[in-house]
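Enquirer: Pasting in a structure now, in structure tokens, and then I'll have a few things to ask.
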Amino acid sequence: MDIEEYKALTARGGYLSADGALQRFMNEAADEAQKITARINGTYHTPAELRALFSELTGGDVDEGFRLFPPFYTDFGKNIRLGKNVFINSGCCFQDQGGIEIGDGCLIGHQVVLATLNHDPAPERRASMIPAPVKIGKNVWIGAHVAVLPGVTIGDNAVVAAGAVVTKDVPANAVVGGVPAKLIKYIG
């Protein structure tokens, strides 16, 4: 399996069995991501150096307007897509095996978790996983300590209040907060 085959599998919600070649591929990708994130987190880097490291991590070009405040953690790396002028604050954890898309102009607060996998609920298959992408629209502001769960889409210009747990889609121009996150109001 290569990365493009893997991305196609997860994009269609394909089952990720805990055995065989797929598991070996995921483990190898995780090892590579750990090496790159250790370099990101291990010492000071200029913004240009961080963009280069993040490009290496994701396997794609990162816009010149990208900013990252380390530390940053991910367990895959190659299934993250960023728009232009994205800011990721310190301590974020992206579980991107299922795919993460972040639109232009997004602000991601301290220690945000973006999760894209659920384990199989059946105990005998618990190590296997079910991917569901997280999609974040343009100009979204996600506050500190937010958790976004698998399969959630956040619409353009939305705001997610600090500490929220986002379990379902957020409409464009909405402000949500709480556990689980609920609509507070619309803006704009």
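The values are calculated or read from the model by the stated rules, or taken from the named source; none is laboratory data. All of these numbers come straight from a predicted model, not from anything done at the bench. Note that each Cβ is placed from the backbone with ideal geometry, even for glycine, and that neighbours are counted across all protein chains shown. SASA here: full protein model, heavy atoms, side chains in, ligands and nucleic acids out. Shrake-Rupley method; radii C 1.70, N 1.55, O 1.52, S 1.80 Å.
Enquirer: Taking only pairs six or more apart or across chains, which ones have beta-carbon atoms under 9 Å, a first residue in segment 94-121 that is more than 14 Å from Phe66 (Cα to Cα), and a second residue that is of a type in the set (S, T, N, Q) and open to solvent by 60 Å² or more (accessible area, probe 1.4 Å)?
Expert: As it stands, the answer is Gly98/Asn118, since those pairs meet every condition given.
Enquirer: Mind checking which residues of segment 53-82 are open to solvent by 60 Å² or more (accessible area, probe 1.4 Å) and at negative phi?
Expert: Glu56, Asp61, Glu64, Arg67, Phe69, Tyr73, Arg81
Enquirer: Now a separate question. Working only within segment 149-171, note down all residues that are charged (D, E, K, R), more than 14 Å from Leu183 (Cα to Cα) and either part of a strand (DSSP E or B) or out of contact with any Lys or Arg (no Cβ under 6 Å at 6 or more places or on another chain) (or both).
Expert: none
Enquirer: While we're here: In segment 153-173, how many residues are under 15 Å from Cys106 (Cβ atoms) and buried (at least 21 other Cβ atoms within 10 Å of the Cβ)?
Expert: 6
Enquirer: Given the conditions (1) without any contact (Cβ under 8 Å) to a residue 40 or more places away in the chain; (2) buried (at least 21 other Cβ atoms within 10 Å of the Cβ); (3) not in a strand (DSSP E or B), and given that Gly188 satisfies all but one, which numbered condition is not satisfied?
Expert: Gly188 satisfies every listed condition except (2).
Enquirer: Show the residue pairs that are 6+ apart or on different chains and have beta-carbon atoms under 6 Å apart, the first residue being within segment 23-44 and among the polar types (S, T, N, Q), the second being assigned to a helix (DSSP H, G or I) and at pLDDT below 95.
Expert: From residues that are among the polar types (S, T, N, Q), there are no pairs.
Enquirer: Contact list please: Cβ distance under 6 Å, first residue in segment 50-72 and in contact (Cβ under 8 Å) with a residue 24 or more places away in the chain and within 18 Å of Glu32 (Cβ to Cβ), second residue surrounded by 15 or more Cβ atoms within 10 Å (Cβ to Cβ) and among the basic types (Lys, Arg), pairs at least six apart or on different chains.
Expert: Matching pairs, first to second residue: Gly59/Lys78.
Enquirer: Looking only at segment 12-52, filter to residues that are of a type in the set (Asp, Glu) and more than 20 Å from the chain's Cα centre (by Cα); which one of those is surrounded by the fewest Cβ atoms within 10 Å (Cβ to Cβ)?
Expert: So the residue we want is Asp19.
Enquirer: Looking at Gly151, Gly98, Gly105, Gly155, which is the one that is under 16 Å from the mean Cα position of the chain (by Cα) and farther than 22 Å from Arg12 by Cα?
Expert: Just one listed residue meets the conditions, Gly105.
Enquirer: For the structure I just gave you, tell me whether Asp31 is out of contact with any His (no Cβ under 9 Å at 6 or more places or on another chain), of a type in the set (D, E, K, R) and at pLDDT 95 or above.
Expert: Yes.
Enquirer: If you don't mind, another one. Hey, among the residues in segment 114-140 that are surrounded by fewer than 17 Cβ atoms within 10 Å (Cβ to Cβ) and assigned to a strand (DSSP E or B), which one's farthest from the chain's Cα centre (by Cα)?
Expert: His119
Enquirer: For segment 83-98, which positions are open to solvent by 10 Å² or more (accessible area, probe 1.4 Å) and small (Gly, Ala, Ser)?
Expert: Selection gives Gly83, Ser90, Gly91.
Enquirer: Which of the residues that make up segment 1-41 are out of contact with any Gly (no Cβ under 7 Å at 6 or more places or on another chain) and β-branched (Val, Ile, Thr)?
Expert: Within segment 1-41, Thr37, Ile40 qualify.
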